[in-house]
Amino acid sequence: MYSYIDNFLIYLKTEKNASPKTIESYQKDLFLGLDFFSGQFAKDDHALEPADLDHRVFRRYLAFSQEKGHSRATMARRLAAWRSFYRYLIREEIVTKNPVSRISNPSQEKRLPGFLYEGEAKLLVEAPDLRSPLGIRDRALLETLYAGGLRINELVLLDQGDLDLNMGYVRVIGKRARERLVPLGREAVKALVNYLKEARPRLLMKTISNKPGITSNLEIGFASKQPAPELEHAVFLNRWGGRLSGRGIRNIINKYVEKVSIGRKISPHMFRHSFATHLLNAGADLRSVQELLGHTSLSSTQIYTHITGERLKQAYRKAHPRAEE
């Protein structure tokens, strides 16, 4: 079984262009299931064959996960990993049936994504002190996160060549290497221009001093991807001049959440949720928001209509002549 799983993971990487995190998640879920199935069949996991597993053992696996208190989302994800694995095995003519196809996913709890109110978003993005290079960087980072609705990993991987600040756009490489252009508002462009001219060169100096021959590049139009040192590409740098990490971004957000005393936990992804929610509240259509977020399916975007529904009800009650008697 292990060799089949290894080949499946290679297939995900080379043919499906799956991200490293996706591949790691599939590997973890498949190996966890393998431990359970080997116990069920009293076989060493190396001795298990794909044809050994049927829909009954997957039902037992689901019951076992429920007993362990795993969330419905976790159970659905693990089933999805095995379902995809067996689709691959059928494609390779290793098996003829997918035993997971007969197993329904557990019904999911409908959880609405958390978001910032407009006043909270304004407080956070304006919180950095613009008298220091790190404050200038943080302002640009928060403005970009909120104005573009970027995922944290998209922000981390943002390179200078992805910015066209003359036109007010950023080129984003999303999931499965899908590319999209996202417009940035006036405040985000202003903050980025200020950061690239005033703060980034100063953050870069610490690294440049140790690497002779490296010079900073302050071009703000789309650039061709020429080979260059890693630190020369990155838009957002840490205090040592290297590319800012996802953990670093979370720490920055936590710092300003504490500073403005919002009183609840704010994740980087909540900026993305807020971006979508505020656009819909202001009258943007769902299809446009879908494209801006980089969702392949409209159903992924429709969750935000639940958040804005109450706002629509209020508008209806206020505007319709027979809404209130």
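Read-outs throughout are calculated quantities, based only on the coordinates presented, and are distinct from any laboratory measurement. Owing to the predicted nature of the structure, the values given are computational and were not obtained by experimental measurement. As a convention, Cβ positions derive from the backbone with ideal geometry for all residues, glycine included, and neighbour counts pool all protein chains shown.
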Here the Kirkwood hydrodynamic radius of the range 2-102, Cα-based and in Å, equals 13.9 Å
For the range 42-89 (alpha-carbon point model, no solvent) the Debye-based log₁₀ I(q)/I(0) at q = 0.25, 0.26, 0.33 Å⁻¹ works out to -1.06, -1.10, -1.19
Charge tally for neighbours of ASN98 with beta carbon under 12 Å away, counting Lys, Arg as +1 and Asp, Glu as -1, is +4
Between the modelled labels at ASN7 and VAL95 (7 Å from Cα along Cα→Cβ) the distance in nm is 1.4 nm
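Quote to one decimal, in nm, the extra length available between ASP45 and SER132 on full extension: 0.36 nm per residue of separation minus the C-alpha distance between them. Display every interim value, and only then the final one.
Working: separation 87, 0.36 × 87 = 31.32 nm, distance 5.67 nm.
Full extension from ASP45 to SER132 adds 25.6 nm.
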Which residues qualify? For LEU237, with a placed amide H closer than 5 Å and at least 5 residues away or on another chain, they are LEU244
Sorted by chain and then number, the residues having a modelled amide H within less than 5 Å of the amide H of VAL95, at least 5 places away or on another chain, are ILE90
In order over the range 267-272: 3J(HN,Hα) from phi, Karplus 6.51/-1.76/1.60, θ = phi - 60°, whole Hz, x for each Gly or Pro, gives 9, x, 5, 5, 5, 5
Phi angles of the range 123-130, converted by Karplus (6.51 cos²θ - 1.76 cosθ + 1.60, θ = phi - 60°) into ³J(HN,Hα) in whole Hz with x for Gly and Pro, give 4, 5, 5, 9, 6, x, 7, 7
For the range 161-166, Karplus-derived ³J(HN,Hα) couplings (6.51, -1.76, 1.60; θ = phi - 60°; whole Hz; x for glycine and proline) come out as x, 8, 9, 10, 7, 5
For the table LYS122/LYS255; LYS13/LYS175; LYS197/LYS255; LYS21/LYS175; LYS97/LYS175; LYS16/LYS175, the rows whose alpha-carbon distance is greater than 19 Å are LYS197/LYS255; LYS97/LYS175
